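The values are calculated or read from the model by the stated rules, or taken from the named source; none is laboratory data. Keep in mind that what you see is a predicted model, and the values were worked out from it rather than measured. All Cβ positions, even for glycine, are placed from backbone atoms using ideal geometry, and neighbour counts span all protein chains on display. Accessible surface is based on the protein model in full, side chains and every heavy atom, while ligands, DNA and RNA are left aside. Shrake-Rupley method; radii C 1.70, N 1.55, O 1.52, S 1.80 Å.
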Amino acid sequence: MNDIQLSPELFQRIQQAIIEQEPEAQQNAGVMMQYLAALMGYILGSQQEMPSKTKEEFMEELSDFARHVMRDADTKVQQQRQSQAANAFGIWTPPSS
């Protein structure tokens, strides 16, 4: 697979296009992901010059790649949570009567 450039702006533009089609996708991440998966399947399935076996193999690669990106993003979220928790500090003093 080729290297790709992901950016917050790209994600926002794609998400906005889906929300324009299906407003529920703004509140429901599952709906958003269904649209993205359907697009991936439709684009791959529509490749007339690609044999079915090759499409199946490529779909497996795409699924593995999506899983890798998901795990990477999840790890970063977990690290951010741990960092925020570690940096949380305060001293509580009881209110004076």
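Summary table
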{"item": "37 °C / 0.692 mPa s Stokes-Einstein diffusion coefficient of the chain, Kirkwood radius on C-alpha pairs, µm²/s", "result": "192 µm²/s"}
{"item": "Residue-normalised accessible area of the chain, expressed per residue, 1.4 Å probe, Å²", "result": "89 Å²"}
{"item": "Span-rule helices in the chain, defined as complete DSSP H runs reaching 15 Å or more along the axis (Cα) with Kyte mean at least -0.5", "result": "8-21, 29-45"}
{"item": "Charge dipole magnitude, Cβ of K and R +1, D and E -1 - the chain, Cα centre, debye nearest 20", "result": "420 debye"}
{"item": "Solvent-accessible area, 1.4 Å probe, carbon plus sulfur percent, for the chain", "result": "53 percent"}
{"item": "Sparsely packed GluC sites (Glu not before Pro) within the chain, loop by DSSP, other Cβ within 10 Å at most 10", "result": "Glu49"}
